[in-house]
Each structure stands twice: as C-alpha cells, then as structure tokens.
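Engineer: One structure follows; several queries about it will come next.
The values are calculated or read from the model by the stated rules, or taken from the named source; none is laboratory data. None of the values given here were measured: they were computed from a predicted structure. Glycine also receives a Cβ, built like all others from the backbone with ideal geometry; neighbour counts cover every protein chain displayed. These accessible areas exclude ligands, DNA and RNA; they are computed on the full protein's heavy atoms, side chains included. Shrake-Rupley method; radii C 1.70, N 1.55, O 1.52, S 1.80 Å.
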Amino acid sequence: RKAKKCVTTPTCIHVGDLRASNTCKLSSETTSIMTSKPLSKAELDEKAFVGLLEKLISEVKYLQNNEMRGMFPQEWRSARHVKEFLTPYIGKDGPLIYEELEYQKGRPNIKLTLKGTDEKKTVGIIGCHLDVVPANPEKWEVDPFKLTVKGDKLYGRGTTDCLGHVALVSCLMARLAEEKKALKRTVVALFIASEEGGSPGVGIDMVVKHNKIAELKNGPVFWVDSADSQPCLGTAGSIRWHLEVKGRLFHSGLPHRGINALELGMEAVKELQNRFYKEFAPHPNEKKWKFMCPSTMKPTQMECSKGSLNQIPPFCVISGDIRLTPFYEVKDVYEKVAAWVEDLNKNIEKLPTRGPMSKYVLEDDDVDVKRGTLTLKWGSPLAAAKDMEGIACDMNSPGFKALVAATKAIKGKVEPYSITGSLPFVRKMQREGLDLHISGYGISKRYHADNEYCLLSDMKDAFAILHKLINDVASSV
C-alpha cells in the first residue's frame, strides 16, 4: 500500500497511510514505526502508540474546549478509541477494569484499574486529559486535525497536550496487563474530561467529589500532564480578575468635563500591581522548588464602551490573571485585592492623572457623574479558585525519589523544575492526603501553540520511565 504524496516535504507522511513507497523517502525514525520486531518489556510499541494517537487526533475538531467561543468538547469521541484499544485487556478477556465516570452526558472520564496482590496499596497515574485547546488551521503548516509524522516529530493538536499522554499511558496499561506480573500495588490510571476549559461538574472535580479515586491515598500518584521529560516540582495557582471602571462620557474637546475610564483604569491597575508585588513578593521557597517565575498579577485584556474617537469613554473593563506560587494563600489574595480596590474608590482623586485636564472627580453642579468608580469582579468564587491552587510537591517522599530515579536511569540526568502554569485540583488532592507528583513528556514550547508536536523519541523514553517507575513502586509496599 502506498503512502500519500506529500507536497511540503519529502520526509513527511500522514499517519492515516503509514506505508512505505517511492513517493516519500522515510526517515529512520518513521520507518521504525512500521517495523515489526520483538519488544523488550520497557520498550514502547511504536506502531500501536502511533496508531492510537492517529485515531485520537482525528477527533480533535470535536475535542476543542473554549466555552466562550461556543466550543464544548465531546470527550466520548476520544474515550471510544481508548476503550477499543484496550478491549483485549478488559472484562473477561483481560485483567484491566475499565470504567467510564460520566457526570455530563457525552463527557466521560476514564478509570483503568489493574489489581495488585495488596489491593489496599496503590500507585496512580492521573491528569492526562481527553480534550484540547482550539486550533486555527489557517495558522498551521500542517492539518492540526490529522496526525502528521515528519521524522521524529508527531504533529497535530493534542500531541503534546495531552492526547499524546493518553496514548502513552494506554500503551503502558496494555503492557502491564500483557505482562501479567503479580504487582503488589494496585495500579490506577485516570484520563479526565474538561481540563482545558475547567468547567465544573464534568471532570476531576466530580471524580474526587464522588470518591472515585479515594484509594489513591494509599500510595504515590503521578500527574502526567507537564512537559520536557523532567519532574515538575510545583505549579502556581490561577486566579482571574475583572476591573470594571466607570467614568463620564463627554466630548474630547472638553476633557475637563468628562472622566476618562481608560485613563482611570490604567492608573488603577498600575497601583494594584504595585501593591501586589509588595505584598506577594518573591518567596524564598521559590528558589528551593526551582520556580522560573514568582507570583505575578497582569492585565491581559481590555474592553471599552463603543463610541466616536472624539468622545471620552465612560466605561471599560480591564481583565487579567494572577499566578500565585503555592507559598501564598488564595484567600489572602481575594481579601487583599478587594481591600485595595475599596481604598482606591475612597481615594480616587489621589491616583495620578494624565495631563492638566485629566480628572477622576468633577465638582460642577450640573454633572451627573461626579466620581469615577472601580468594581472588582473575580472570575470565580473563592471555593472554585482554590480548586486551581498551585502545588509544591514533597521532594522527600518515596514517590518523588522513585520518579527521580526512573528519570535518571532512562534520560541520564535529572533537572527538576517548577512552573507558574496551573493544574486543576492538584493542591486540593495533596491536602486530602495524596502524595502527588508531576511529570510530562511533551514539549513546553509547543504547548497550546500553532504547529504543536511531540517527539516520538521522547515518548519512547517516557514509556521506559513510566514502566520502570510503576514496576519499582508497585513491586514494593
């Protein structure tokens, strides 16, 4: 059978036609995908992995998650391919227990269980998710909704984040089932829904709420959804905020009769940032946990009332996020920022103005709006914001030491790091007793990016790392 002819590069094949021909000269990496050979226990079955990943990527158009743009993922589409792949190992035909944990129709989470000789002791792999961020095909060099192989690179939305990990862990669970080794610990894998959008009532929040992974308190848990093939020591919390600013509409030729909401908003945000960086300054523990950045507060979007260019705008909304390292409490941020906004409203006239005619308070008797005002609105209630708290993993735990040892054994070096990206529920699960650690095997610079890809070589190493990790941990109690 022939491979599709590729116009862009002679070393490119589309995995829908993983076949050799004279139309494409295949690299040694790509050729290895198609080569049948005996596999060692710790060696990834490349053909099986790429085949499953191809099917997952083919569903990406329907897995995009952005509710603000009306995109609601249909995780059942990715779940069905995982179930089909694992069918030989589930039910009467195999040792795996397959469960779909569905809390919203068509949006399942998948739980896989391989029972050990001591069912009370466990090891978990969780965090791989069945949805993706949106992709704009016009900005990609390849089709984001189809897996494309170029040498060692596997292109497509979700290859790095996070369908590549779904395929990887599916292959791992299949291998463990094939080996029929009597592991002492029960191995649990969980693929989650609604990670990218974070919609409540669908994914990991409901799994935890219904105690579906409560048994994972009895052993180390590895959250596989980071990058760069090294242990991730910590993450930051993510807090979204909106500052509504009200001024007074007037002709721009008479600026002293209006209150410019844009100017007021920009000065207010500047003051809030100054106070934030004093109160939540770089923490000494951030160096110990190797964080790349301290806590930050940033405006990221602005909306303004529509009008003519010769009108002073009476209203705007400045929105942004706070990334909070795990050495500070989300509750303190909510309380502090709210108090600061209240203080600014009481002293609005003390904020710097812009030019001699810029004002935030009007004293004329005939004006309807005499003071500019600020209203703070959080992106979610405090309880929901705490679901996105950051985590500092326990570097002294046996689980972390096992992850370090497995990584070093396969990669030859260990370079742990922390990042101010965010993961849902990790801190809450840690608080509830889970010994949780983070790793991932995609490429951080391709996360959520156009032309997203992962490396097959990284996934091969990842399989060896996870295989060693699970065997090392699950073979002891």
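Engineer: Could you tell me, in Å, what Rg and Dmax come out for the Cα atoms of the chain?
Structural biologist: For the chain, the Cα-based Rg and Dmax read 25.9, 89 Å.
Engineer: Return P(r) of region 94-223 (all Cα-Cα pairs; 10 Å bins starting at 0; whole %; ordered from short to long distances).
Structural biologist: 12, 37, 31, 16, 4, 0
Engineer: Turning to a different aspect of this structure: Taking R0 as 22 Å, what FRET efficiency do you get between residue 285 and residue 336 from their Cβ-Cβ distance, rounded to the nearest 0.05?
Structural biologist: 0.65
Engineer: Note down the relative contact order for region 320-415 as a percent, whole number, built from C-alpha pairs under 8 angstrom at least six residues apart.
Structural biologist: 29
Engineer: I would also like to ask the following. Any idea what the alpha-carbon Rg over 2.2 N^0.38 Å comes to for region 327-442?
Structural biologist: On the way: Rg = 23.7 Å, N = 116, 2.2 N^0.38 = 13.4 Å.
Taking the Cα Rg and dividing by 2.2 N^0.38 Å, one obtains 1.77.
Engineer: Can you list the residues, at least 5 places off or on another chain, whose amide H is less than 5 Å from the amide H of residue 237, using H built in the peptide plane?
Structural biologist: 324, 325, 390
Engineer: So, one more: Considering only DSSP states other than H, G, I, E and B, which trypsin sites (Lys or Arg not before Pro) in region 338-447 qualify as loop sites with at most 16 other Cβ atoms within 10 Å?
Structural biologist: Details: sites: 346, 350, 354, 359, 370, 371, 377, 386, 401, 408, 411, 413, 427, 428, 431, 445, 446; in loops: 354, 359, 370, 413.
Within region 338-447, the qualifying trypsin sites (Lys or Arg not before Pro) (loop, at most 16 other Cβ atoms within 10 Å) are 354, 370, 413.
Engineer: Right, another one. What is region 80-172's relative contact order, in percent, from Cα pairs under 8 angstrom and six or more apart in sequence? Each step should come with its number before you reach the end.
Structural biologist: Numbers: 85 pairs, mean separation 18.9, N = 93.
The normalised contact order for region 80-172 reaches 20 percent.
Engineer: Additional query: Taking every pair of distinct Cα atoms and averaging 1/r, then inverting, what Kirkwood hydrodynamic radius in Å comes out for region 181-230?
Structural biologist: 12.9
Engineer: Related question: Helix-only mean residue ellipticity at 222 nm, the chain, DSSP H runs n ≥ 4 weighted -39,500 (n - 2.57), per residue, nearest 500. What is it?
Structural biologist: On the way: 12 runs with 137 residues, N = 477.
Taken over the chain, the calculation gives -9000 deg cm²/dmol.
Engineer: If you roll a 1.4 angstrom probe over the protein chains with everything in place, what fraction of the accessible area of the chain belongs to carbon and sulfur, to the nearest %?
Structural biologist: 51
Engineer: Then there is this: With an 8 Å cut-off on Cα pairs and a minimum separation of 6 or more residues, tell me the relative contact order of the chain in percent.
Structural biologist: In percent, rounded to a whole number, it is 20.
Engineer: Please report, in debye to the nearest 20, how large the charge dipole of region 173-305 is about its Cα centre when each Lys and Arg carries +1 at its beta carbon and each Asp and Glu carries -1 there.
Structural biologist: My answer is approximately 460 debye.
Engineer: Keeping all protein chains in place, calculate the accessible area per residue for the chain (probe 1.4 angstrom), answer in Å².
Structural biologist: Details: 21450 Å² over 477 residues.
For the chain, the per-residue accessible area is 45 Å².
Engineer: Would you kindly calculate the translational diffusion coefficient of region 410-477, applying Stokes-Einstein with the Kirkwood radius from alpha carbon pairs, for 10 °C and a viscosity of 1.306 mPa s, and quote it in µm² s⁻¹ without decimals? Can you show the working numbers first?
Structural biologist: Working: Rh = 14.6 Å.
The diffusion coefficient I find is 109 µm²/s.
Engineer: How big is the dipole moment of region 116-234 about its Cα centre under a simple scheme where the beta carbon of each Lys and Arg is +1, that of each Asp and Glu is -1, and everything else is neutral? Debye, nearest 20, please.
Structural biologist: Values: 15 positive and 16 negative charges, 112 e Å.
Here region 116-234 has a charge dipole of around 540 debye.
Engineer: Still on this structure, please answer the following. Compute the angle between helix 163-179 and the longest alpha-carbon principal axis of the chain, please, reported from 0 to 90 degrees and rounded to the nearest 10.
Structural biologist: Helix 163-179 sits at roughly 30 degrees to that axis.
Engineer: Would you be so kind as to identify which of 451, 282, 316 lies farthest towards the positive end of the dipole of the chain, taking Lys and Arg as +1 and Asp and Glu as -1 on Cβ and the Cα centre as origin?
Structural biologist: Ranked along the dipole, the leading option is 451.
Engineer: Given Cβ point charges of +1 (Lys, Arg) and -1 (Asp, Glu) and nothing else, what value in debye, to the nearest 20, does the dipole of the chain about its Cα centre take? Could the numbers behind the result be given before it?
Structural biologist: Working: 69 positive and 60 negative charges, 246 e Å.
That gives the chain a dipole magnitude of about 1180 debye.
Engineer: In addition: Please turn the phi angles of region 352-367 into ³J(HN,Hα) values with the Karplus equation 6.51 cos²θ - 1.76 cosθ + 1.60 (θ = phi - 60°), one per residue in order, whole Hz, x for glycine and proline.
Structural biologist: Residue by residue, region 352-367 yields x, 9, 10, x, x, 9, 7, 9, 10, 9, 10, 9, 5, 6, 8, 9 Hz.
Engineer: If you don't mind, another one. If you take every residue apart from residue 145 with its C-beta less than 11 Å away from the C-beta of residue 145, what net charge results, scoring Lys and Arg +1 and Asp and Glu -1?
Structural biologist: So the environment of residue 145 carries a net charge of +1.
Engineer: Residues with amide H under 5 Å of residue 126's amide H, sequence separation 5 or more or different chain, H placed in the peptide plane at 1.01 Å from N; which?
Structural biologist: Under 5 Å from the amide H of residue 126: 190, 222, 223, 224.
Engineer: Further question: Relative to the longest principal Cα axis of the chain, at what angle does helix 398-411 sit, 0 to 90 degrees, rounded to 10?
Structural biologist: That helix lies at roughly 70 degrees to the long axis.
Engineer: What does a probe at residue 368 reach in region 250-287, counting residues whose amide N is under 14 Å from the point 7 Å along Cα→Cβ?
Structural biologist: 250-251, 258-259, by backbone N distance to the label point.
Engineer: Further, regarding this structure: Which residue, chosen from 158, 392, 475, occupies the Cα position most advanced towards the positive end of the dipole of the chain, where the dipole is computed from +1 (Lys, Arg) and -1 (Asp, Glu) charges on Cβ about the Cα centre?
Structural biologist: 475
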